[in-house]
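Trainee: Below is one structure. I have some questions about it.
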Amino acid sequence: MNQALLDKIHGEQERQKDADFCVGDSVRVHTKVVEGEKERIQVYAGLVIDRSGRGLNERFTVRRISYGEGTERVFPLHSPRIDKITVERHGKVRRARLNYLRDRIGKAALAVKEKDTRGKGKKKGKK
């Protein structure tokens, strides 16, 4: 009985659209911000450096460089405050967490190779 109630609550709270982004992707997170009685959409664009948790507790960390200073923000994936998440480009990384980017400055702080989505098949070259 108790588990059925929890499953019903989780089903209502979960984001129905699959979040098809991974660590290393550049994303734009559209969040709802309440100022007084008005509500507006604020965009936070950056690189996903961490994705952790599971179920309703899943969250991801976005890092960006603004005015030469690195800033990070942690977003709960299933939060009702998140309007939408758009992927600007897919990155190719070999790690689950990109904490090493915190020590880098300038362009090197965003140095993630772009994933090649065109060549999904045999490699050309020598046999």
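Trainee: Suppose we filter region 83-100 for residues that are surrounded by fewer than 17 Cβ atoms within 10 Å (Cβ to Cβ), out of contact with any Lys or Arg (no Cβ under 6 Å at 6 or more places or on another chain) and either over 16 Å from SER26 (Cα atoms) or of a type in the set (A, V, I, L, M, F, W, C) (or both); how many remain?
Mentor: 3
Trainee: Let me ask something additional. I'd like the residue in region 50-69 that is loosely packed, with under 14 Cβ neighbours inside 10 Å and among the charged types (D, E, K, R) and, out of all such residues, is nearest to VAL87 (Cα to Cα).
Mentor: Out of the qualifying residues, it is ARG54.
Trainee: Further, regarding this structure: Report yes if some residue within region 40-57 is modelled with pLDDT under 90 and touching a His at 6+ places or on another chain (Cβ under 6 Å); otherwise report no. Walk me through how you get there before you give the answer.
Mentor: First pass over region 40-57, keeping only residues modelled with pLDDT under 90: 54-57.
Adding the requirement that they be touching a His at 6+ places or on another chain (Cβ under 6 Å) leaves 56.
Looking for residues that are modelled with pLDDT under 90 and touching a His at 6+ places or on another chain (Cβ under 6 Å), one finds at least one in region 40-57, hence yes.
Trainee: Would you check if there is a residue in region 103-118 being in contact with a helix residue (DSSP H, G or I) (Cβ under 6 Å, 6 or more places away or on another chain) and closer than 14 Å to SER26 by Cα?
Mentor: Step one: list which residues in region 103-118 are in contact with a helix residue (DSSP H, G or I) (Cβ under 6 Å, 6 or more places away or on another chain), which gives 109.
This time we only want the ones that are closer than 14 Å to SER26 by Cα, so: 109.
Among the residues of region 103-118, at least one is in contact with a helix residue (DSSP H, G or I) (Cβ under 6 Å, 6 or more places away or on another chain) and closer than 14 Å to SER26 by Cα, which makes the answer yes.
The values are calculated or read from the model by the stated rules, or taken from the named source; none is laboratory data. This is a predicted model, so every value here is computed, not measured. Here Cβ is always computed from backbone atoms with ideal geometry, including for glycine, and neighbour counts include all displayed protein chains.
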